[in-house]
1. Could you please tell me which pairs satisfy a Cβ distance under 6 Å, a separation of 6+ or placement on different chains, a first residue in the stretch 144-169 that is more than 15 Å from residue 181 (Cα to Cα), and a second residue that is of a type in the set (A, V, I, L, M, F, W, C) and surrounded by 18 or more Cβ atoms within 10 Å (Cβ to Cβ)?
2. Could you please let me know if residue 81 is modelled with pLDDT of 95 or more, part of a loop (DSSP other than H, G, I, E, B) and under 28 Å from residue 138 (Cα atoms)?
3. Assigned to a loop (DSSP other than H, G, I, E, B), modelled with pLDDT under 95 and either of a type in the set (Phe, Trp, Tyr) or surrounded by fewer than 23 Cβ atoms within 10 Å (Cβ to Cβ) (or both): is that true of residue 248 in this structure?
4. For the condition out of contact with any Lys or Arg (no Cβ under 7 Å at 6 or more places or on another chain) and either surrounded by fewer than 21 Cβ atoms within 10 Å (Cβ to Cβ) or within 23 Å of residue 179 (Cβ to Cβ) (or both), what is the one hit in 41, 45, 121?
5. Filter the stretch 186-202 down to the residues that are of a type outside the set (Val, Ile, Thr) and surrounded by 14 or more Cβ atoms within 10 Å (Cβ to Cβ) and list them by number.
6. Under 6 Å between Cβ atoms, which residue pairs at least 6 apart in sequence (or on different chains) link something in the stretch 302-322 that is among the small types (Gly, Ala, Ser) and in a loop (DSSP other than H, G, I, E, B) with a partner that is modelled with pLDDT of 95 or more and surrounded by fewer than 17 Cβ atoms within 10 Å (Cβ to Cβ)?
7. Regarding the stretch 113-121, can at least one residue be identified that is β-branched (Val, Ile, Thr) and closer than 22 Å to residue 184 by Cβ?
8. Which residues, counting only those in the stretch 113-165, are hydrophobic (A, V, I, L, M, F, W, C), part of a strand (DSSP E or B) and touching a Ser or Thr at 6+ places or on another chain (Cβ under 9 Å)?
Amino acid sequence: MLSLTCKPLRARPQLWLAALLLSASATCQAQSITEFDIPTPNSQPFSIVTGPDGALWFTEWMGNQIGRVTTSGSFTEYPLPNLDSSPIWIKVGPDGALWFTEMDGNRIGRITLEGVITEYPLSVPDSEPWNIGVGTNNTLWFTQKGSNQLGAITTAGVITEYNAPFSPWDLVLGNDGKIWLSGRRSDQVATLTTSGQLINTFRVPTPNSGPDVIIQGPNRPIWFTEQFGDKLAKISETGKITEYQVPTPASQPGGIAVGPDGNIWFVEHIGNNVGRSTTNGTITEFPVPTPGSYPDVIEQGPDGAMWFTEHDTNKIGRITVN
């Protein structure tokens with residue numbers, strides 16, 4: 001376990017004010033980050049979510065396991081029944097279990113809080129199920145980026161598949177009752193009904209931006225990261241897109257989540273930072289202590305901190321929220 005606590009800047013009031021006025025975004029060292037080593041070597045953690053039991057649950061892409069870590073750093077790991085399943089995204093389902101995608105296994109998985117795993121195979125081979133999110137009526141939706149489809153699975157395991165307007169990457173059910181979809185390969189965002197019907201598509205202003213993880217923001221706008229455009233973006237219900245440049249060049253922002261402070265928190269794959277943005281786009285960055293950690297996904301924890309995966313250094317990170 002490695003902890004980094006940064007010290008606040010001390011200066012005369014007039015100098016402090018001048019520094020604040022100099023730039024709307026800054027790289028900051030005044031935040032506490034703690035890192036926890038995952039027991040299985042080279043497990044390559046990907047996604048993380050707070051479970052109903054008050055622990056953090058995460059996927060181990062190469063470890064082929066579902067992991068659980070308490071807020072004090074105690075780990076439990078659950079191997080998947082089939083080898084080389086490549087679990088990717090994990091979310092809490094409406095039934096109180098954890099649901100996850102198996103990219104190479106071509107299945108949707110479910111794990112109870114006691115560690116009992118059930119798997120549901122998909123009908124289309126090599127569909128590469130990627131992200132998963134809760135919909136309506138005891139249903140979870142998931143993207144199939146290999147087959148250009150969306151899937152919906154009930155908590156009873158009944159699967160329905162729909163054609164997508166582009167190769168779908170991530171999705172979220174918005175406060176407006178629509179499914180919002182990101183297309184990293186097509187630079188588009190789309191809206192659909194909860195019956196799978198396309199409503200609209202919107203082109204992201206920055207070419208080759210790679211819209212990636214998409215979430216419901218603290219109010220009405222939907223937020224997403226532009227992995228290759230090095231930007232955060234928000235989109236209104238009418239499709240107006242506002243973009244905010246991440247300060248670190250070539251940072252490749254990935255996972256994004258709303259924090260308990262009402263700000264937007266995100267991770268930078270290559271920048272090796274955790275970022276925080278106000279809803280008007282003022283960005284602050286916090287370096288991850290371990291170099292080259294490739295932080296992947298971030299989520300609000302049950303303890304009021306933000307928790308994130310470190311894909312390349314086999315750690316789970318925790319950053320305080322002041």
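1. So the pair list comes out as 153/108; 153/140; 159/153; 160/152.
2. When the stated conditions are applied, residue 81 passes them.
3. Values: assigned to a loop (DSSP other than H, G, I, E, B): yes; modelled with pLDDT under 95: no; either of a type in the set (Phe, Trp, Tyr) or surrounded by fewer than 23 Cβ atoms within 10 Å (Cβ to Cβ) (or both): yes.
In short, no.
4. Residue meeting the stated conditions: 41.
5. 186, 187, 188, 190, 192, 196, 198, 202
6. So the pair list comes out as 304/260; 305/320.
7. Looking only at the stretch 113-121, we keep the residues that are β-branched (Val, Ile, Thr), and these are 116-118.
Those still in the list that are closer than 22 Å to residue 184 by Cβ too: none.
Checking the stretch 113-121: not a single residue is β-branched (Val, Ile, Thr) and closer than 22 Å to residue 184 by Cβ.
8. Listed by number, the residues that qualify are 130, 132, 140, 141, 142, 150, 152, 153, 159.
The values are calculated or read from the model by the stated rules, or taken from the named source; none is laboratory data. Just so it is clear, the structure is predicted and the values come from calculations on it, not from any experiment. Cβ: placed from backbone, ideal geometry, glycine included. Neighbour counts: every protein chain shown.
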